[in-house]
Structure formats: structure tokens, C-alpha cells
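Novice: Quick one: this structure, given as C-alpha cells, is what I'll be asking you about.
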Amino acid sequence: MQQSYDRPRQRMVQEQLINRGIASPRVVEAMLQVHRHLFAGDAFLTHAYQDKSLPIGEGQTISQPYIVAKMTELLNLKGHEKVLEIGTGCGYQTAVLSMLCKRVYSIERIESLHTLARLNLRKGRHTNVMLKCGDGLQGWEEYAPFDAIIVTAGGFASDLWLEQLKDDGLLLLPEGEGKSHRLVRRQKRQDTVIEEYFDDCTFVPLLSGVS
Ligand code: SAH
């Protein structure tokens, strides 16, 4: 018999998200709707709703639920947006975004994870998603400009990302060296960029090229 993970998911949303300040009703609803255990892989089913990041193979991880929710909230999505994600991983963050915007374009540099994400997103019936295996540092020129770009690996921004944003668009990334990152949100405004810093965090590294 298939186990229901509804209760652990509701508890995760209340204790890890709402109690820690995630206030957007749309983000809370999306985090309730997306079945994180479908993305976590069989070995980690029982850990899927815990307050931690989880391994997804190839030395990569899904971020802890709070960070996924926080990054999603910082994008202020209304529903009409085209969003570019760098670092598809297993597709969990992609799935959450897909509930909140018009279309998600997501790039992953590791072929096996790109394939895993495709399967996971199909299982969850997330159809407004386009995936590509490639180097996200190049952005995705073909579908630019984007309303928002979210990067789920830690490092420093590629200049192409701001170029591929619409005016008023948002770029969100965990910025910094090694394992010490801080969420930064940049808004492109004609000739200037408005920059705001948020939580400290640790992400797997943003790397160039395809593997
Ligand atoms: N959002 C993902 C998190 C995955 S971890 C999830 O919910 O599962 C970050 C991912 O970024 C890893 O899979 C890593 O391979 C990928 N990555 C790192 N550098 C990249 C780059 N330049 N282009 C595309 N993907 C990259």
C-alpha cells in the first residue's frame, strides 16, 4: 500500500516554514501541494520532510525546505512570469516554481540529474516546465528575456544573467566562495541594479561546463 505523506508535509510547512516567517499564502500552498518525497528518492523517503538538505546523487543535494520556500518567496511570483532556474538537480525547486508562474526553464549541467528531474517532474504532472542539460552560466538566450532567474548552486553571478532579464526582473542567487554563501537578490532597473542581501546559507558549488 502506498503511504500518505500528507501529515509530515503539513507539519513541515507549519513548523519549518510558517513558524520561521514564510508568509506568502501562495508559497505555503505550493509547498503543501508538491510531494517532496517523490523527489527525494527511495533511500530518503522517511527523511523527505525533515529540516535538512538531502543527497540526490552525483554529490549534489536538494536544499532544505525552508531555503526552497524562502528563495521562492523572494521572487514574488504572481503567475504570469517566465522563470529561468540554474541547477535543476532532482527538480523539486522547479516543481514548486511551476505552481507559481507561467513557465519554468531549468538548466542542469549533470546529465543523469537532468534525466532524473525529467522523470520526477513527469510523475508530479508539472507540464509547464522546459528542461535542458547544459551550462547554466550561459543562461538560455533562446527564451530570454526572463522575469526572474533563480540559481540553486553557490558561487558568483554570470554577467549573462542580468542581460537575459527583463527590465524590473529579479536575479536571486546564493553568492560567495566555498561553502559560505548569502542569498542576494538583484533587481534590474534600466541603468542600475538594486541589490538586497538575505539569509546565510550553504549550497553545492556552481561549476562551469557539462558533466
Ligand atoms: N534545485 C535543486 C538543487 C540542486 S543542487 C533541487 O531542488 O534539487 C544544485 C544543482 O546545480 C546541482 O544539481 C548541480 O549539478 C547544478 N549546477 C551547478 N553548476 C551548474 C551550472 N553551471 N549549470 C547548470 N547546473 C549547475
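What follows draws every value from the coordinates through simple rules; no lab data is involved. Treat the numbers as computed from the prediction; the structure is a model and nothing was measured. When we count neighbours, we look across all protein chains shown, and the Cβ atoms used for this are built from the backbone with ideal geometry, even at glycine.
Novice: With θ set to phi - 60°, apply the Karplus curve 6.51 cos²θ - 1.76 cosθ + 1.60 along the stretch 120-131 and write out the HN-Hα couplings as whole Hz, x wherever there is a Gly or Pro.
Specialist: With the stated coefficients, the stretch 120-131 comes to 4, 6, 5, 4, x, 6, 9, 9, 8, 10, 10, 10 Hz.
Novice: For the pairs Lys70/Lys123; Lys70/Lys132; Lys78/Lys179; Lys123/Lys188, flag any whose C-alpha to C-alpha distance is greater than 27 Å.
Specialist: Lys78/Lys179; Lys123/Lys188
Novice: Now, a different point. Over the Cα atoms of the chain, compute the convex hull volume and normalise it per residue, giving Å³.
Specialist: 111 Å³
Novice: Run the Debye formula on the Cα coordinates of the stretch 14-101, all scatterers equal and no solvent, and tell me log10 I(q)/I(0) at q = 0.13, 0.16 1/Å.
Specialist: These q points yield log10 I(q)/I(0) values of -0.39, -0.60.
Novice: If you add up the charges near Val96, with Lys and Arg at +1 and Asp and Glu at -1, over every other residue whose beta carbon is less than 11 angstrom from its beta carbon, what do you get? Please report the intermediate quantities before stating the final value.
Specialist: On the way: positive: Arg26, Arg36; negative: Glu29, Glu73, Glu85.
Net charge around Val96: -1.
Novice: Something else: I want the local charge near Pro65. Using Cβ-Cβ distances under 13 Å, sum +1 for each Lys or Arg and -1 for each Asp or Glu among the other residues. Can you show the working numbers first?
Specialist: Details: positive: Arg9, Arg11, Arg20, Arg36, Lys52, Lys70; negative: Glu15, Asp51, Glu73.
Around Pro65, the surrounding residues sum to +3.
Novice: Further, regarding this structure: Restricting the count to DSSP beta bridges whose residues both fall in the stretch 2-201, what percent are antiparallel, rounded to a multiple of 5?
Specialist: 45 percent
Novice: For the chain, what does the helix formula give at 222 nm: sum of -39500 (n - 2.57) over DSSP H segments with n ≥ 4, over the residue count, nearest 500 deg cm²/dmol?
Specialist: -7000 deg cm²/dmol
Novice: Taking θ = phi - 60°, what integer Hz values does the Karplus form 6.51 cos²θ - 1.76 cosθ + 1.60 yield along the stretch 76-87, in sequence order, with x for Gly and Pro?
Specialist: Result, rounded to whole Hz: 6, 6, 9, x, 9, 7, 9, 10, 9, 10, 9, x.
Novice: Sum up the charges of everything whose Cβ sits under 12 Å from the Cβ of Met12, counting Lys and Arg as +1 and Asp and Glu as -1, but leave Met12 out.
Specialist: Details: positive: Arg7, Arg9, Arg11, Arg20, Arg36, Lys52; negative: Asp6, Glu15, Asp51.
The answer is +3.
Novice: Can you sort Phe203, Phe44, Phe156 from fewest to most other Cβ atoms within 10 Å of each residue's own Cβ?
Specialist: Values: Phe203 24, Phe44 17, Phe156 11.
Lowest to highest Cβ neighbour count: Phe156, Phe44, Phe203.
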